[in-house]
Amino acid sequence: MTEEQRVGEVIEASTTDFVAQCYELYQSPPLGSLVKTRDEPVELYGIVYHAATAGFETGRRPIARGKDEATEEAIYQSSPQLLKLLRSEFGALVVGHRQGDKLYHYLPPKPARIHGFVYLCQPDEVKEFSQSLAFLNILINTHLPVSTEELISACLRQMSQVYEDRHAFLVAAGKELAIFLSGQFNQLKAILERIKQ
Amino acid sequence: MSEHLGIVVSGSLSKGVEVRLDSSASVEDMAGGRYVTIEGKKQRFFGMITDVNLEVIDPKLTLTPPDMADPFIAEVLDGTSTYGTLHILPMLTIGGEATGLIEGPQPVKTVPSHFSTVNLASDSDIELVFGKEDKGRFWIGNPLDMETKICLNLTELVKRSNGIFGKSGTGKTFLTRILLIGMLQKSQAVNLIFDMHNEYGWAGTREGAPPVKALKQLFPSSVAVFALDEENSRRRGVSTDFVVRIGYDEIEPEDMVLLRQTLNLTEPAVEAVYQMRRKFGKNWLQRTLDIKDAEETRDLLKDMNIHESTFQNLQRGLATIRRLPFIEPHAPVNAVISILEHLDRGMNVVLEFGRYRDVTSYVLVANMLARRIYAQYQERMEKAMGEDTAKPTPLVITIEEAHKFLNPEVASNTIFGTIAREMRKYNVTLLVIDQRPSGIDGEVMSQLGTKITCLLDNERDIDSVLAGASGKSELKTVLSKLESKQQTLIFGHAVPMPVVVRTREYGSAESYRDFAPGQETDIGKRAEKDIEELWE
């Protein structure tokens, strides 16, 4: 198994989602990717639905500094403290958990632990998790700052990358969605438009 | 195509069940009339597809159709948002319960439970329902898109009167020929065929191809060809066994009743016939025609209370009959006796009409002969019942243009009406062939045991054929969708459920071998033996 890629640490958690801070500025995992955190013996899986970079102190916004600089890169070089004053965080929607050897595509009994490490799931794990697409139902039925269509399509695009036959995976997912969204054809259409290759 | 079709989603016993198609099964692969099995929890059902529908899960789809040109969207929506449904009429239960196993397929009394799986019927399922080709069963054709043989139980078939219907040119004649061959081989009944168009005796015509062999060529030892028109038969190269001549004295007033329309007789003229018969006895026809227009005639008519114009009308009609070339003052041999002799020997008799295809000849001869044969059979049967001796061989009389004999006006008068209604008891049944079943008396139609129908497209004809059949509206869809050739719907007494059949092939050398196995070689062997004996 490939080495686990640690991407951040949980700083806020609830039953339905958790927020993690990235160790490196701007290094949040892509929208829709599958991440996990541990709370032994349970492993929680989440889909990244939101990422943001802002100053540490709320209410104090960064100011423009590049007037006399030639490149953007130069701004960071001339003010190295910036890397410490800014932070990137991402939110992940909990979509399932693993207990022992079994995967469950529904919410775990307890939320994630603060300071739990957050890892980006490896292709094998993504493949295993996406064997069942029942988690799509959670994505459809949550109210998030980002539109559901965008999140679902981003998630499916991400997951499809680990499959050799991307088309087959997307068609299967599309069919699953067509059942979940049987009464909302417009929503289904919007998602399908976004995931077709 | 996959065997698994879908699952039952709704339905009723009276209307049949709705089946949602799986996304793997395409609506375009389905066909009305095809057989399916439904795996219920306790029983297996056997049914027929009667309708195929397209459905959408969200009505919005029909209002703003998606871009189906995009293969991805089309693939996703197929079977999920858009899907097909089948309407299936469960007909029988097979297997499952103990009684089902012992007694074979049973008519359905309920519907399968929700979400029972539906599969295409396999060859063995169909064999279970329709039986294998054996001593009493005859392979009539194959189900649509399958190679299984569908067999008719001919022993059962000939116990009732049956009907073959279909528009002109849909293969009625071929079907009849096949069925006759079947009866000849497997039913232990003898056939008397009134062959109006000379199709069954020696050779039959075929559209755009050389003629096909008919009964006598295939079964020379068990078929006798009787001819009404010897000259025509000779010209066609048919070896006839008997030439039928009819004497004046053989025509009875009842025969005239049937001819009222074709001879344009008035009602009083028909009445007058009976009076003439009473007055002149057996030779009434000759005597009536001999009456001259004289003073005594008027007195005679006055005596009998017949109006003069009525008499003239009658004379004109009788003159038409006299002009028929096969009618003679005195027939040399009694045709009825000869036919009966042949039938008694187990020979099947085909009566060819030659050139006399007009309705008058056909109706007159068929009715006359059939009536006498009827009388004989009735007598023998009653005797057999009384003395507990052997009953006469079952007889099947085949008539074409049946509506001429069995229309509501004359059905009660003709012998065929009587046979259709009650002759079953006397071991005589009818095989009715017609292209306008709506012209046949409803009472007769209702008595037909098995109805075999090719394509019909007249609403009234369809209604009259399907009258009283269970699942009529579903069968109607199937019937109107039959192909115009070689396809036929069979339902009634001899089949456990309605069945659409692609009639087996007829006309190639191979098919002849199938129909008459051993016959040709028999002839060959016999010929060889004869030659050997000749040289000895």
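The values are calculated or read from the model by the stated rules, or taken from the named source; none is laboratory data. As the structure is a computational prediction, the values presented were derived from the model and not from experiment. In this analysis, Cβ positions are derived from the backbone assuming ideal geometry, glycine residues included, and neighbour counts consider all displayed protein chains.
Can you tell me which of B:456, B:431 is part of a loop (DSSP other than H, G, I, E, B) and either surrounded by 24 or more Cβ atoms within 10 Å (Cβ to Cβ) or modelled with pLDDT of 80 or more (or both)?
Answer to the check: B:456.
Which residues, taken from the stretch A:151-178, are part of a loop (DSSP other than H, G, I, E, B) and either facing another protein chain (nearest Cβ under 8 Å) or more than 16 Å from residue A:31 (Cα to Cα) (or both)?
A:163, A:164, A:165 - these are the residues of the stretch A:151-178 that are part of a loop (DSSP other than H, G, I, E, B) and either facing another protein chain (nearest Cβ under 8 Å) or more than 16 Å from residue A:31 (Cα to Cα) (or both).
Picking from B:483, B:505, B:474, which residue would you name as being at pLDDT 75 or above and surrounded by 17 or more Cβ atoms within 10 Å (Cβ to Cβ)?
On inspection, the qualifying residue turns out to be B:474.
Would you check if residue B:212 is in contact with a Phe, Trp or Tyr (Cβ under 7 Å, 6 or more places away or on another chain), touching a residue at least 24 places away in the same chain (Cβ under 8 Å) and more than 17 Å from residue B:311 (Cβ to Cβ)?
yes
Strands (runs of 3 or more DSSP E) wholly in the stretch B:42-143 with at least 3 residues that are touching a residue at least 12 places away in the same chain (Cβ under 8 Å) and of a type outside the set (S, T, N, Q) - which ones?
The qualifying strands (runs of 3 or more DSSP E) are B:44-56, B:82-94, B:137-143.
Listed residues B:381, B:368; which is within 24 Å of the chain's Cα centre (by Cα), surrounded by fewer than 23 Cβ atoms within 10 Å (Cβ to Cβ) and not charged (D, E, K, R)?
The match here is B:368.
For the stretch B:241-262, how many residues meet the condition of being at pLDDT 80 or above, surrounded by fewer than 22 Cβ atoms within 10 Å (Cβ to Cβ) and under 27 Å from the mean Cα position of the chain (by Cα)?
Residues in the stretch B:241-262 being at pLDDT 80 or above, surrounded by fewer than 22 Cβ atoms within 10 Å (Cβ to Cβ) and under 27 Å from the mean Cα position of the chain (by Cα): 3 in total.
Out of curiosity, is residue B:419 part of a helix (DSSP H, G or I), in the same structural domain as residue B:392 (by TED's automatic domain parsing) and at pLDDT 85 or above?
No, not satisfied.
Among the residues in the stretch B:59-80, are any modelled with pLDDT of 85 or more and away from every other protein chain (no Cβ under 12 Å)?
no
So, in the stretch A:28-77, exactly how many residues are polar (S, T, N, Q) and surrounded by 12 or more Cβ atoms within 10 Å (Cβ to Cβ)?
Within the stretch A:28-77, residues that are polar (S, T, N, Q) and surrounded by 12 or more Cβ atoms within 10 Å (Cβ to Cβ) number 4.
If you go through the stretch B:207-238 one residue at a time, how many are of a type outside the set (Asp, Glu) and exposed (fewer than 13 other Cβ atoms within 10 Å of the Cβ)?
So the answer is 6.
Does residue A:181 qualify as being within 17 Å of residue B:75 (Cβ to Cβ), within 12 Å of chain B (Cβ to nearest Cβ) and touching a residue at least 60 places away in the same chain (Cβ under 8 Å)?
No.
With a cut-off of at least 1 residues that are in contact with a Lys or Arg (Cβ under 7 Å, 6 or more places away or on another chain), name the strands (runs of 3 or more DSSP E) lying wholly within the stretch B:187-295.
The qualifying strands (runs of 3 or more DSSP E) are B:203-206, B:209-213, B:223-227.
Scan the stretch A:184-194 for residues that are crowded, with 20+ Cβ neighbours inside 10 Å and more than 8 Å from chain B (Cβ to nearest Cβ) and jot them down.
Passing the criteria: only A:191.
Give the stretch B:244-275 a look and list any residue that's of a type in the set (Phe, Trp, Tyr) and either touching a residue at least 40 places away in the same chain (Cβ under 8 Å) or in contact with a Gly (Cβ under 7 Å, 6 or more places away or on another chain) (or both), or say none.
Across the stretch B:244-275, the qualifying residue is only B:248.
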